[in-house]
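The values are calculated or read from the model by the stated rules, or taken from the named source; none is laboratory data. Just so it is clear, the structure is predicted and the values come from calculations on it, not from any experiment. No Cβ is skipped: glycine too gets one built from the backbone with ideal geometry, and neighbour counts run over all protein chains shown.
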Amino acid sequence: MDLNVQGGQSVSLSDNTFARPFSEALVHQVVTAYLAGARAGTKAQKSRSAVSGGGKKPWRQKGTGHARAGTIRSPLWRGGGKTFAATPRDHSQKVNKKMYRAAMQTILSELVRQERLVLVDAFQVESGKTRDFVAKAKELDLTRGVVVVASPDVETMLSARNVPGVAVIDVDGLDPVTLVAADKVVMTVEAAKKIEEWLG
């Protein structure tokens, strides 16, 4: 398929990567798995077996007037263990490479259909100054979204780090959540070719 580049030119890109039918179930599964993988899963509480003390029965079974008790570390007691204690766990979900690539192709294709993907010849802020980045973003009507470049450019990334709602990432750092959340994606032609090669 041919996509227009900002400035009137056009570039030919793979239909498999930029014109794939939308699959909501696939995108949902991959996005959910990506977010799940980012969870720390370090939450932990002590069960009654993990709380120290409580080895001795606090009083005899009968004749004291108290309710029966076998340990001072019962979940019913202050200082006792938690009934259903949380334990550290791994939230990650398995997604094979074929599914991940298909989801990325689906998201990119949907961005093209919704006219949220803008191709440019190049995007570079050599000065590294925020005001120069803002001026460049304003030309492209980019207020909330992401700029995708082929390879990391320190000056451009530094110029964008203080701009709220806008980020500059390279192809290697691209992920489905960033693409789905972006109102607009500005992508260089070189980055598009690199993504096409990556996703096949």
Q) Quick check, is GLU190 at pLDDT below 95 and either under 17 Å from ALA19 (Cα atoms) or aromatic (Phe, Trp, Tyr) (or both)? A) no
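Consider LYS62 carefully, then state whether it is in contact with a Gly (Cβ under 8 Å, 6 or more places away or on another chain) and either among the aromatic types (Phe, Trp, Tyr) or free of Cβ contacts under 8 Å to residues at least 24 places away in the same chain (or both).
Numbers: in contact with a Gly (Cβ under 8 Å, 6 or more places away or on another chain): no; either among the aromatic types (Phe, Trp, Tyr) or free of Cβ contacts under 8 Å to residues at least 24 places away in the same chain (or both): yes.
Against the criterion (in contact with a Gly (Cβ under 8 Å, 6 or more places away or on another chain) and either among the aromatic types (Phe, Trp, Tyr) or free of Cβ contacts under 8 Å to residues at least 24 places away in the same chain (or both)), LYS62 does not qualify.
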Q: Determine whether the stretch 71-81 contains at least one residue that is outside the structural domain of VAL163 (by TED's automatic domain parsing), exposed (fewer than 14 other Cβ atoms within 10 Å of the Cβ), aromatic (Phe, Trp, Tyr) and farther than 15 Å from PRO176 by Cβ.
A: no
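Just for strands (runs of 3 or more DSSP E) wholly inside the stretch 82-172: which have at least 1 residues that are assigned by TED's automatic domain parsing to the domain that holds VAL30, among the charged types (D, E, K, R) and surrounded by 12 or more Cβ atoms within 10 Å (Cβ to Cβ)?
Values: elements: 117-120, 145-149, 166-170.
So the answer is 166-170.
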Q. Which one of these is touching a strand residue (DSSP E or B) at 6+ places or on another chain (Cβ under 6 Å) and more than 24 Å from THR106 (Cα to Cα): ALA167, ALA160?
A. ALA160
Q) Out of the stretch 28-59, which residues are over 30 Å from VAL180 (Cα atoms), among the basic types (Lys, Arg) and surrounded by 10 or more Cβ atoms within 10 Å (Cβ to Cβ)? A) LYS46, ARG48, LYS57
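Filter the stretch 22-51 down to residues that are out of contact with any helix residue (DSSP H, G or I) (no Cβ under 8 Å at 6 or more places or on another chain), in contact (Cβ under 8 Å) with a residue 12 or more places away in the chain and on the phi < 0 side of the Ramachandran plot, then give me how many there are. Show your work before the answer.
Step one: filter the stretch 22-51 for residues out of contact with any helix residue (DSSP H, G or I) (no Cβ under 8 Å at 6 or more places or on another chain), giving 24-25, 28, 32-33, 36-51.
Restricting the remaining residues to those that are in contact (Cβ under 8 Å) with a residue 12 or more places away in the chain gives 32-33, 36-37, 39, 41-51.
Restricting the remaining residues to those that are on the phi < 0 side of the Ramachandran plot gives 32-33, 36-37, 39, 42-51.
Total meeting the criteria: 15.
Scan the stretch 173-200 residue by residue and report those that are at negative phi, more than 10 Å from the chain's Cα centre (by Cα) and assigned to a loop (DSSP other than H, G, I, E, B). Quick ask: steps written out before the conclusion?
Step one: of the stretch 173-200, the residues at negative phi are 173-199.
After this cut, where a residue has to be more than 10 Å from the chain's Cα centre (by Cα) as well, the list is 173, 182-199.
Correct list: ALA182, ASP183.
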